[in-house]
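Notes follow the structure.
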């Protein structure tokens, strides 16, 4: 059994750890409020743009020369995987890696490479022997539209140059602070489904549909990635807040157990001392 000094040391150590996890929980909670609000502001714009492109879906299908919708025989795939730069956020990053691994394992005949956005997924993919095309870690901690637009331009060029036949996006979709769902979406080529029940009117477009589509598609792709990065960042803060809250609760329970153990050892020590004193007195 541990002595009193060892138990006191463990109590002090766990107490110190609890202070750190509690502080990290509060920091994550503060960041979450801002990140959640930021991600929510993008949603109406994204939804309206998707609505417009859905309306123009038939025009997209008719224009078979549009390189953004042309489907090719899939041989090469680029997976844009979004994680965080830091850990201590539960299974947030591990779930992204599992999805990336599943894509490779379920498609053995494809040449799959990964565009890693975030330090954690970049490290995990490299250690796992996956083909990492490129890593961009600076886009995660501070979600900026300019950086996002630069990344989209780069991966769009790769698709248009036919270096990759398909581009997929894997990220954590924010649901609430305790829940983040891994989302796997087709980034390119585009595939919109017209919601015919919503659009019954015969609209007059100015300029023409082709011009609108040509200008909207690059903007749409940037919006999709921008929204994904914003949701991922909000999800990271929620996951970290939940993980640190659980760690703080576990530390509190451990401190209670250690205090109980300390009191038992201390009582046993006092009892032994009394027995020794009484035994010594009786011997005289």
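The values are calculated or read from the model by the stated rules, or taken from the named source; none is laboratory data. Remember, it's a predicted structure, so these values are computed and weren't measured experimentally. Cβ: placed from backbone, ideal geometry, glycine included. Neighbour counts: every protein chain shown.
Output yes when any residue across region 253-262 is in a helix (DSSP H, G or I) and within 30 Å of residue 36 (Cβ to Cβ), and no when none is.
yes
Restrict the check to region 166-182 and report whether at least one residue is outside any strand (DSSP E or B) and touching a helix residue (DSSP H, G or I) at 6+ places or on another chain (Cβ under 6 Å). Yes, that holds for at least one residue. Of all the numbered requirements in (1) within 25 Å of residue 21 (Cβ to Cβ); (2) surrounded by fewer than 19 Cβ atoms within 10 Å (Cβ to Cβ), residue 238 misses one, and that requirement is (2). Quickly run through region 69-100 and pick out the residues that are surrounded by fewer than 19 Cβ atoms within 10 Å (Cβ to Cβ), in contact with a helix residue (DSSP H, G or I) (Cβ under 9 Å, 6 or more places away or on another chain) and assigned to a helix (DSSP H, G or I). 94 - this is the single residue of region 69-100 that is surrounded by fewer than 19 Cβ atoms within 10 Å (Cβ to Cβ), in contact with a helix residue (DSSP H, G or I) (Cβ under 9 Å, 6 or more places away or on another chain) and assigned to a helix (DSSP H, G or I).
Scanning region 116-153 for residues that are part of a helix (DSSP H, G or I), closer than 26 Å to residue 191 by Cβ and touching a strand residue (DSSP E or B) at 6+ places or on another chain (Cβ under 8 Å) returns 121, 139, 151. The one condition from (1) surrounded by 14 or more Cβ atoms within 10 Å (Cβ to Cβ); (2) over 25 Å from residue 223 (Cα atoms); (3) at pLDDT below 90 that residue 5 does not meet is (1). Against the criterion of being under 16 Å from residue 232 (Cα atoms) and at pLDDT 95 or above, residue 102 does not qualify.
Screening the candidates 236, 231, 249 for the property of being touching a strand residue (DSSP E or B) at 6+ places or on another chain (Cβ under 6 Å), closer than 25 Å to residue 28 by Cβ and assigned to a helix (DSSP H, G or I) yields one hit, 231.
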